[in-house]
Amino acid sequence: GRGRQISSLPKNGNAMTSNSSGGEDGEDQLTLDIESVKSGKDRRSSLMVRNIPNKYTQSMLLSEFADGNHGPGKIDFFYLPIDFKNRCNRGYAFVNFVNYQDIISFHELYNGKNWKNFNSDKICDITYARIQGKEGMLRRFENSALMEKDDEYRPLVFVSHGIDKGKREEFPMASNNRP
């Protein structure tokens with residue numbers, strides 16, 4: 001492809017980029033080693049997808065993932081943070097997979113690749129998210145002011161299992177979950 005981002009991506013797929021949100025709890029712990037996923041040694045399910053072109057909207061990115069067979073049904077949590085002022089995404093997203101093994105094909109399809117939409121030099125970079133699992137993500141956002149914003153700014157949650165798997169579900173509100 002044209003244009004290369006300054007990010008060394010060795011053959012094993014581990015991205016050697018630094019995370020701008022700080023590394024006090026160890027960047028190495030967030031590195032996705034695809035061989036550890038393939039062997040079942042690493043079963044974490046939540047990813048941070050980085051270097052997303054800022055013009056992507058929530059629905060565009062979700063559609064792109066779905067077109068690649070990684071949409072609702074395979075994922076049960078999706079969040080693309082949007083800057084309220086300029087209405088552009090912040091360049092990263094969080095995705096939780098129902099089955100950690102689906103990370104393998106997702107990683108192969110996106111990591112180290114250019115994005116399909118928009119003529120951008122940005123190269124997709126995938127790491128583990130600090131917060132893991134659908135429940136962890138829900139807890140992280142349950143008291144957020146985001147939940148009072150329009151749908152396009154809020155995390156999306158999908159049914160993980162059963163007959164309604166992949167259908168959109170309402171984000172559980174904190175007041176319902178408090179003992």
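Are any of the residues in the range 94-110 farther than 23 Å from Lys165 by Cα, hydroxyl-bearing (Ser, Thr, Tyr) and not in a loop (DSSP other than H, G, I, E, B)?
Yes, that holds for at least one residue.
Among the residues of the range 114-173, how many are of a type in the set (Asp, Glu), open to solvent by 60 Å² or more (accessible area, probe 1.4 Å) and in contact (Cβ under 8 Å) with a residue 40 or more places away in the chain?
2
Which members of the range 40-63 meet the condition of being buried (at least 18 other Cβ atoms within 10 Å of the Cβ) and either free of Cβ contacts under 8 Å to residues at least 60 places away in the same chain or among the acidic types (Asp, Glu) (or both)? Before the answer, list the steps.
At the first step, the residues of the range 40-63 found to be buried (at least 18 other Cβ atoms within 10 Å of the Cβ) are 44-53, 56, 58, 61-62.
Correct list: Leu61 only.
Among what's in the range 128-175 and is of a type in the set (Val, Ile, Thr) and in contact with an Asp or Glu (Cβ under 6 Å, 6 or more places away or on another chain), pick the residue that is farthest from Arg87 (Cα to Cα). So that I can check it myself, show each step before the final result.
Applying the first criterion (of a type in the set (Val, Ile, Thr)) to the range 128-175 yields 131, 157, 159, 163.
Those left that are additionally in contact with an Asp or Glu (Cβ under 6 Å, 6 or more places away or on another chain): 157, 159.
Numbers: Val157: 21, Val159: 28 Å.
The selected residue is Val159.
For the range 24-39, name all the residues that are small (Gly, Ala, Ser) and open to solvent by 60 Å² or more (accessible area, probe 1.4 Å). Can you show your working first?
First, the residues of the range 24-39 that are small (Gly, Ala, Ser): 26, 36, 39.
Within the range 24-39, just Ser39 meets the criteria.
The values are calculated or read from the model by the stated rules, or taken from the named source; none is laboratory data. Keep in mind it's a predicted model, so treat the numbers as computed, not measured. Backbone-built Cβ (ideal geometry, glycine too); neighbour counts: all protein chains shown. Quick note on the areas: whole protein, heavy atoms, side chains included, nothing else; ligands and nucleic acids left out. Shrake-Rupley method; radii C 1.70, N 1.55, O 1.52, S 1.80 Å.
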